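Notes follow once the structure below has been shown.
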Amino acid sequence: MCSIIGYYGNKIAAPIIVKGLKRMEYRGYDSVGVATESNNQIELKKGVGKVQEVNSKVQLDTLPGKIGIGHTRWATHGKVTDVNAHPHPSSSGKLAIVHNGIIDNFEELKKQLEKEGYIFKSETDSEVIANLLQKNYEATGDVKETIMKTVSEIKGHYAFVAMFENGQLAAARFHEPLIIGVGQDDFFLSSDVLGFIEYTDDAIYMENGNFVILDKNKFQMSDFSGKHVGYAITKVSKEFGDAYKGDYAHFTLKEIYEQPTTILKAGEKTKDAVEKVADHIKHAKNIYMTGSGTSYNSALIAKQILSKFAKIRVETIMSSELQFSSDSIEKNSILIAISQSGESADVLEAVKIAKKANCKIISIVNLTASSLARESDIIIGLNCGPEIGVAATKSFTSQLAIIYKMVQKLSDDKIEIDFNKISESILKILENPTKIQQIAKELKNISDIYVLGRGIHYPIAIEAALKLKELTYIHAEGIPGGELKHGPLALMDSNVFVIIINPNDSTYSDTLTSAREIKARGAKIIGISDVKSNVYDYHIEIPETDELSYPISEIIAIQMLSYYAAIEKDTDPDYPRNLAKSVTVK
Ligand code: G6P
């Protein structure tokens, strides 16, 4: 999703901005741009492509001046073109803005501004902010008044940074992330701590409905009505500065290989929280779980095992769907929101709805300073370190580890979960990638893959299909084993591959029967199992283990298969096309 960065200080801004944008590349984007102020003049360069490509073409990092703004755009309004890339200057060129989010009333504002003679060059909603700021600045001659007037006129969700020709920077936040990095003699304005972590670990998380103005004489934070507000400086975890690939070819591969360790660290920094949450769950009348993408798939697993091992009924609702069933959210219940980033707009919206119904909000989240964490009554931290690859890998297994810990507590420790054993199983799979690499070659020219699993392995099949889609762009679908005969069997022929998730547990023999039925229709079978079978054309062996540990081994095998298939297909596993790591728009 779009990333914003602003710099105000004593160093040359452009190289710092370009570096910050590179650090935030993982958020997903299609174009990039930088603008700086020097000698009361704004200079601007932008273009379509990766930061490195555009920088080589137009030398973004050579722009002069010690004040600047930068942006990576993920298109929402208007095509992926140089003109639509940010920053957007106002029609006079006296100010420029970068914006993240969506301006809902941009069409009416644009019409009005055009009538008044303001010129628009792009198709974006963002350019409206630039011209509206200019109009209000021309009317008031004061940056603070200008921001107040502008935020009262725009509707939607946004974070923007505006740079004025006189060297003032202003930034406003409304339901989109914006964090201020406080350096020794400089300030950073960024969507993500990674934008400035190299320079400072002191951060101010701006509250919704606040704006800040930076100039030579002041750092001033106010709310949208103009009242001065206080702020707290938080220490950001230094480990987020650790976001380097090291010896790995991609972040995704590095993050897959971190899992023997991250699985052991899950929830470690928020130990009492699991106990507290278990207590709340025990006494709650209704428990809802929500999330998006991979995080929602974790909720599906939680639902099954909470019911099976702790006799607790949970209702799972996709965050993007929760608004349509808001009436059924019973008052004073619990909402458990699962999210890696804690910034997914759909999840935040779901939380807002649940809060209206007086629900307690519990979050299972990796970024414990995120918007979601700040909206929560109890936070359980995944503690798996920065996840840069757009497709979630280690955050998923850490979410499962937290869920397992919760179930363990809720079953009064009747079920035993040996995390060291799980970690060893993961390691065994990771240590032997050759077979998986060979199978990945077979997927290169395939257009359909189905993944079949039963019981707890069905949500894994759904997550597996998501990984394959995200990383390889192959059409993939999870199938609940028992439903095969009720439709999916019609799709089976010699052109498709079917991954059968078949550990040696209570689902084993029924799933083997499904595999046989599929094979009889000519499809190729990849079996993920601890038991060999001649039904499988290809076998990915996972270690023999227990019911709750199998799903983790299974998804590790699938993550590797998806990663290596992406390599075969020459797609970029870290930044899949059209996707973003942190989807901050609805
Ligand atoms: C995006 C990512 C997915 C992720 C989902 C939820 O769609 O591409 O990989 O699972 O957001 O993200 P969250 O940060 O809320 O877990």
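Residue count for the range 468-486, restricted to those that are in contact with a strand residue (DSSP E or B) (Cβ under 9 Å, 6 or more places away or on another chain), within 16 Å of the ligand (Cβ to nearest atom) and either within 20 Å of GLY28 (Cβ to Cβ) or among the hydrophobic types (A, V, I, L, M, F, W, C) (or both): 4. Can you run down the residue pairs with Cβ atoms below 7 Å, 6 or more apart or on separate chains, where the first is in the range 342-371 and without any contact (Cβ under 8 Å) to a residue 24 or more places away in the chain and the partner is surrounded by fewer than 22 Cβ atoms within 10 Å (Cβ to Cβ)? From the range 342-371, the pairs are LYS355/ILE361. For the range 313-417, the strands (runs of 3 or more DSSP E) that sit wholly inside it and include 1 or more residues that are within 12 Å of the ligand (Cβ to nearest atom), modelled with pLDDT of 90 or more and open to solvent by less than 20 Å² (accessible area, probe 1.4 Å) are 334-339, 360-365. Scanning the range 74-100 for residues that are within 23 Å of VAL18 (Cβ to Cβ) and open to solvent by 10 Å² or more (accessible area, probe 1.4 Å) yields TRP74, ALA75, VAL80, THR81, ASP82, VAL83, PRO89, GLY93.
Scanning the range 3-33 for residues that are more than 16 Å from the ligand (Cβ to nearest atom) and assigned to a helix (DSSP H, G or I) gives ALA13, ALA14, PRO15, ILE16, ILE17, VAL18, LYS19, GLY20, LEU21, LYS22, ARG23.
All conditions but one from (1) among the charged types (D, E, K, R); (2) in contact (Cβ under 8 Å) with a residue 24 or more places away in the chain; (3) more than 16 Å from the ligand (Cβ to nearest atom) apply to LYS45; the one that does not is (2). Of the candidates ALA580, ALA566, the single residue that is in contact with a Pro (Cβ under 8 Å, 6 or more places away or on another chain) and within 16 Å of the ligand (Cβ to nearest atom) is ALA566. Annotation: SER447 fulfils all but one of (1) within 30 Å of ARG521 (Cβ to Cβ); (2) under 25 Å from the mean Cα position of the chain (by Cα); (3) hydroxyl-bearing (Ser, Thr, Tyr); the unmet one is (2).
The values are calculated or read from the model by the stated rules, or taken from the named source; none is laboratory data. None of the values given here were measured: they were computed from a predicted structure. Cβ sites come from the backbone with ideal geometry, for glycine too, and all protein chains shown count toward neighbours. For the accessible areas, the whole protein counts, side chains as well, though only heavy atoms, and no ligand, DNA or RNA atoms are used. Shrake-Rupley method; radii C 1.70, N 1.55, O 1.52, S 1.80 Å.
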